[in-house]
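Peer 1: Here's a structure for you.
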Amino acid sequence: GQQLNQSPQSMFIQEGEDVSMNCTSSSIFNTWLWYKQDPGEGPVLLIALYKAGELTSNGRLTAQFGITRKDSFLNISASIPSDVGIYFCAGQLRRDDKIIFGKGTRLHILP
Amino acid sequence: DSGVTQTPKHLITATGQRVTLRCSPRSGDLSVYWYQQSLDQGLQFLIQYYNGEERAKGNILERFSAQQFPDLHSELNLSSLELGDSALYFCASSAKDRVVAPLHFGNGTRLTVT
């Protein structure tokens with residue numbers, strides 16, 4: 001079935017470090033979405049990407065829609081404690097418009 | 001606050017029982033999506049409704065069903081519950097159907113089957 005490969009599965013970083021995570025697939029997507037989920041809450045939209053090659057920023061977050069339409073990455077600069085959580089990528093498949101999610105990247109910040 | 005309301009927040013029930021989860025989408029949103037999130041798992045798409053009609057189905061079991069009412073709220077019915085059905089169930093809404101608008105999620109219903 002359709003699958004999004006999100007990596008890394010988890011990250012342990014120091015406060016102030018930059019973070020990079022990505023999602024790849026063998027399928028082609030029309031849209032990429034990046035979400036953050038805090039414990040006990042629903043995912044919150046961070047960035048939406050609609051065109052191949054598009055690079056969009058939201059504060060310290062930057063995401064790009066891959067040129068091949070099969071991948072996307074999310075970067076977080078100068079991480080802070082409130083960045084801790086699970087980050088999900090989601091893509092809308094060009095084939096049937098379904099929206100599928102990656103398994104998430106758990107971000108931990110070391111004291 | 002995403003504007004998507006889910007009730008109840010927590011639900012504890014026994015195997016074999018039936019429960020109903022409720023979702024009110026953001027004002028003006030016509031699409032409602034249901035997702036299941038098990039422990040340490042990603043979000044598994046169950047079903048989508050658009051303006052009252054079923055639009056897409058994912059990995060939804062036959063024991064599960066859903067509907068969207070004329071006022072656009074949606075209900076997810078889970079029957080003959082099994083221990084493995086314990087999970088977080090999220091509802092999300094979006095403004096449009098085939099032209100995707102970002103999904104906005106509620107805070108979920110945590111279902112525990114004992």
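Quick note: the coordinates plus some simple rules give every number you see, no bench work behind them. These numbers come from a predicted model, not from an experiment. Positions of Cβ are backbone-derived with ideal geometry, glycine not excepted, and every protein chain shown enters the neighbour counts.
Peer 1: Over all directions, average the projected area of the Cα convex hull of region B:1-50 and note it in nm². List each step's numbers first, then the result.
Peer 2: Details: hull surface 18.6 nm².
Over all viewing directions, region B:1-50 projects a mean Cα-hull area of 4.7 nm².
Peer 1: Once Rh is set to the Kirkwood radius over Cα pairs, what Stokes-Einstein translational diffusion coefficient, in µm²/s, holds for the protein assembly as shown at a temperature of 20 °C and a viscosity of 1.002 mPa s?
Peer 2: Stokes-Einstein gives a translational diffusion coefficient of 120 µm²/s.
Peer 1: Going highest first, how would you order A:86-92, A:21-27 by mean Cβ packing within 10 Å?
Peer 2: Output ranking for A:86-92, A:21-27: A:86-92, A:21-27.
Peer 1: For chain A, modelled as a GNM with alpha-carbon contacts under 10 angstrom, which of A:Gly40, A:Gly16, A:Gly59 fluctuates the most?
Peer 2: A:Gly40
Peer 1: Ok, one more. Counting only other chains, what is the mean number of Cβ atoms within 10 angstrom of the Cβ of each residue in peptide A:96-107? Let's see the in-between values first.
Peer 2: Numbers: counts 1, 7, 7, 12, 5, 8, 2, 4, 5, 0, 1, 0.
If you average over the peptide's residues, the count of other-chain Cβ atoms is 4.
Peer 1: Report, in debye and to the nearest 20, how large the dipole of region B:15-114 comes out about its Cα centre when Lys and Arg carry +1 and Asp and Glu carry -1 on their Cβ.
Peer 2: Result for region B:15-114 is approximately 120 debye, rounded to the nearest 20.
Peer 1: Compute the whole-percent fraction of alpha carbon pairs in chain A spaced more than 26 Å apart.
Peer 2: Every Cα pair in chain A considered, those over 26 Å come to 13 percent.
Peer 1: Going by the alpha-carbon gyration tensor, a ≥ b ≥ c the square roots of its eigenvalues, is chain B rounded (a/c under 1.5) or, if a/c is not under 1.5, prolate (a/b greater than b/c) versus oblate? Let's see the in-between values first.
Peer 2: Values: a/c = 1.76, a/b = 1.66, b/c = 1.06.
Here chain B falls in the prolate category.
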